[in-house]
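Contents: one structure, followed by commentary.
The values are calculated or read from the model by the stated rules, or taken from the named source; none is laboratory data. Just so it is clear, the structure is predicted and the values come from calculations on it, not from any experiment. Methodologically, a virtual Cβ is constructed for each residue, glycine included, from the backbone with ideal geometry; neighbour enumeration extends over all protein chains shown.
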Amino acid sequence: SEEIANHFKINKKSILEKLRKRRKEIRELWKSVEKRFFEDIMNLTNFEWKFQNYKCFLSCAWAGRYFYPKNEIEIFGFLKNTDTLNTLAEELFHLYFWDILEKKFKINVKFLDKEKYTEKEKKLWFLSEAVVGFVLPEIGFYKKSLWFTPWWKADPKIKEIYISLKPFWKNRKNFTDFLRNSIKVLRTI
């Protein structure tokens, strides 16, 4: 609304200064887990990361999003530290996930640039949100948060997919096997 736009216009300088300060804090916070995060994901999935470096932009409006196929994500700059790490890890994993689907499973993910998705595309997006719910807790992310509810617990459709995939995660031979079974499940939902 116009009120919100005016608020940002009036407080732009203050908001930017707070984001700059927070950026320094987040850099230090991320440094403490960064190496382990990237290594743990590769060890769990047996896939390489597409890029050596990723860019994270702080926002005063967006909770979290990614810009596939680029190496860029955006997170809300004013979260508590645990939620910041969770969101940063989640958005990075989404970039990683889409790269795997595109390269390993030859799934066209160009739809990610569009505003509206077809039903099939929505299911793939739901899958991305559900899969992160298995991977990140496995490597120690998504610790208890006072307000942060992951998508796979909050959205009914994602939760349905998440629950459908639980047996495949538990009994997976490897990550590729899990994804192959997950894609099959999507066709039945």
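Data overview
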read-out: Positions within the range 163-182 being exposed (fewer than 15 other Cβ atoms within 10 Å of the Cβ) and within 25 Å of N43 (Cβ to Cβ), in sequence order; value: K166, P167, K170, N171, K173, N174, D177
read-out: Some residue of the range 96-109 being in contact with a Pro (Cβ under 8 Å, 6 or more places away or on another chain), modelled with pLDDT of 95 or more, within 19 Å of W62 (Cβ to Cβ) and surrounded by 13 or more Cβ atoms within 10 Å (Cβ to Cβ); value: yes
read-out: Residue list for the range 33-67, filter: polar (S, T, N, Q), free of Cβ contacts under 8 Å to residues at least 60 places away in the same chain and touching a helix residue (DSSP H, G or I) at 6+ places or on another chain (Cβ under 9 Å); value: S59
read-out: Residue tally, condition farther than 26 Å from H7 by Cα and basic (K, R), over the range 40-95; value: 3
